[in-house]
Structure formats: structure tokens, C-alpha cells
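Take a look at the structure below.
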Amino acid sequence: MRIFSTRHPPAGRHFPALSLCAALLVAGCGGLRTAKAPLESTLEKSTCTSNADTLLVLLPGAHSHPDEFTREGFITALNDNRLAVDVMRVDAHLGYYNDKTILDRLSADVMAPARSRGYKSIWIAGISVGGFGGLLYAQTRPGELAGLVAIAPYLGERALSLDIANAGGLARWTGPLGDPPGSDLRTPNETQLWQWLRGYVGTTATFGARPPLYLGYGLDDRFAFSHRLLAAALPADRVFTTEGGHDWPEWMRLWRRMLPTLPLPGCPG
């Protein structure tokens, strides 16, 4: 893929998300990178077409650099599957979640410019906190995404997952039907995210409502308890598992298994 660095103008409204340092149990949170505006990204053009109309936005984990998607083989796997998509690797590190600007930055610095370039279909594929960010984006910007891939996503604190499990799973969990005191739709929290995910139960998500959601995780991942709750709400052919935990070897195995099943356009001929 041909690579182009891209920068875009900043936007204003902030998104108050969760503070993830403690929740993600990330070492060295005191050394978080500083969130900048605009959000930096790198566009990689498809090797098989010069006018791809589908963009795949890659969101890394908490302390990962977007170059790791290239180093670990994510881009090579796309080419091996002969997919006619452009790829945007986004430097959406934990600092953007911690200062509560991640969704506004994605909207202003990635999505809006992509639409202005003529992309008709935009997907997000995120790993760990990047999967969490992709889910939040789909929740708060309905109708914008054509599809969503969440690999080992952070899904909130275990206490809420235990409540869902004790209720008999997401299909039976009702949760608080009203929003928590002092909250609104612009300030999503874990409960609101799971309420939104409950909309996948017994349905086939479609563009315009909820984007098709594909989930992958390691069976020994530290977030696997929550992953299994979400997996039970999705069609079986959109759930992928592998041996192992929460690291690149597992994520790469999942990615290679998932790619041939995703409804992404193939190369001409």
C-alpha cells in the first residue's frame, strides 16, 4: 500500500468518556502521551485500485503506536486477501481517552475528511481500547459506520459484566432503563454502552441502525469474561476466538481469520 501522512483541522466539542487508566490496569499511566489536535493519522492507499471507495480506520491499543499495525502484519494481511480498501492508521492513544476528546477528534480529524474525499463506506477496526473507542463511536454517531471490528475490546469494569451475567446474559439483562443521574447522550458510560449493545440481541444489525459488529478475542484474554457476554448476543459467524491472551500474536491470528469473512470489496479482476 502507498502511504501518505495526513493532518486535519481541529474541532471544538469535547466528549467526556471514561478515565481508563485504572480500569485498564495500564502500567505507567502517569507517563501518558499528550493528546494533540488534530489527531495524527497515516493513509495507506490500496495496492489494487486507485479509487477505493471504502476506508478502514485502524485504532490501536492503549499504549500502541499505529506503526505496529504494519509491523505485526495487519496491512500485509489486507493485501494478501486482495481487498480494495484504503487504510487509515490513527494515532488514537490513551491520552485522547483520558482527556475525553477521542470521539470529537475522530469525527473532525478522520471521519469528516474521509467523507469529503468521497469514501462511501467507512469501517472501524480497533484493538483493546481501540475496540472500545470504535464501539463508542458507533453508539454516539448512528448511521456513520458501515461496519465495526472489535478485537479484544475493553468493555468496562467487571462489576457491570457480572451484573449482566447474573441476570442471565445480555438478552435477559434490563439494566437501568434510564440514564444515570447527571448524564446525557453526549456523555456515554459503560452502562449506556451495554444498553446499546443489547440492541444486537436477536437482530441482524444493518447500516443505518447498528453497524454489523464482528468480535474477536483470546480465550484467556483478561477481558474474556465480558467478551463472552457480548459474543452470546451476536450471530455465531461474527464471533472469532483463539487460544491465548491479550497480545499481538493472538490479535494477528484473529485478524487473518476474520478478514476473509468481512463484507469488504475485493480487488478488480
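For segment 39-66, the candidate set comprises residues that are under 18 Å from the mean Cα position of the chain (by Cα) and free of Cβ contacts under 8 Å to residues at least 40 places away in the same chain; within that set, the residue that is least open to solvent (accessible area, probe 1.4 Å) is PRO66. Among the residues of segment 41-62, those that are of a type in the set (A, V, I, L, M, F, W, C) and more than 14 Å from VAL149 (Cβ to Cβ) comprise LEU43, CYS48, ALA52, ALA62.
The set of residues in segment 67-101 that are buried (at least 21 other Cβ atoms within 10 Å of the Cβ), at pLDDT 95 or above and either farther than 23 Å from PRO265 by Cα or acidic (Asp, Glu) (or both) comprises ASP86, ALA92. Of all residues in segment 44-69, those being in a strand (DSSP E or B) and either among the polar types (S, T, N, Q) or within 22 Å of TRP251 (Cβ to Cβ) (or both) number 7. Condition check: within 14 Å of the chain's Cα centre (by Cα) and among the β-branched types (Val, Ile, Thr). Does ILE122 satisfy that? So ILE122 fits the description; yes. Looking across segment 198-215 at every residue that is modelled with pLDDT under 60 and touching a strand residue (DSSP E or B) at 6+ places or on another chain (Cβ under 9 Å), the one that is least open to solvent (accessible area, probe 1.4 Å) is identified as ALA205. Here LEU106, LEU136 are screened, and the one residue that is closer than 30 Å to THR49 by Cα and either open to solvent by less than 10 Å² (accessible area, probe 1.4 Å) or part of a helix (DSSP H, G or I) (or both) is LEU106. Considering GLU144, GLU190, which residue is open to solvent by 10 Å² or more (accessible area, probe 1.4 Å), among the acidic types (Asp, Glu), at pLDDT 90 or above and under 24 Å from ALA92 (Cβ atoms)? Being open to solvent by 10 Å² or more (accessible area, probe 1.4 Å), among the acidic types (Asp, Glu), at pLDDT 90 or above and under 24 Å from ALA92 (Cβ atoms) holds for just one of GLU144, GLU190, which is GLU144.
The values are calculated or read from the model by the stated rules, or taken from the named source; none is laboratory data. In this text, all values refer to a predicted model and were calculated from it rather than measured experimentally. Every residue, glycine as well, gets a Cβ built from its backbone with ideal geometry; the counts of neighbours run over all protein chains shown. Calculation scope for accessible area: heavy atoms of the full protein, side chains included, ligands and nucleic acids excluded. Shrake-Rupley method; radii C 1.70, N 1.55, O 1.52, S 1.80 Å.
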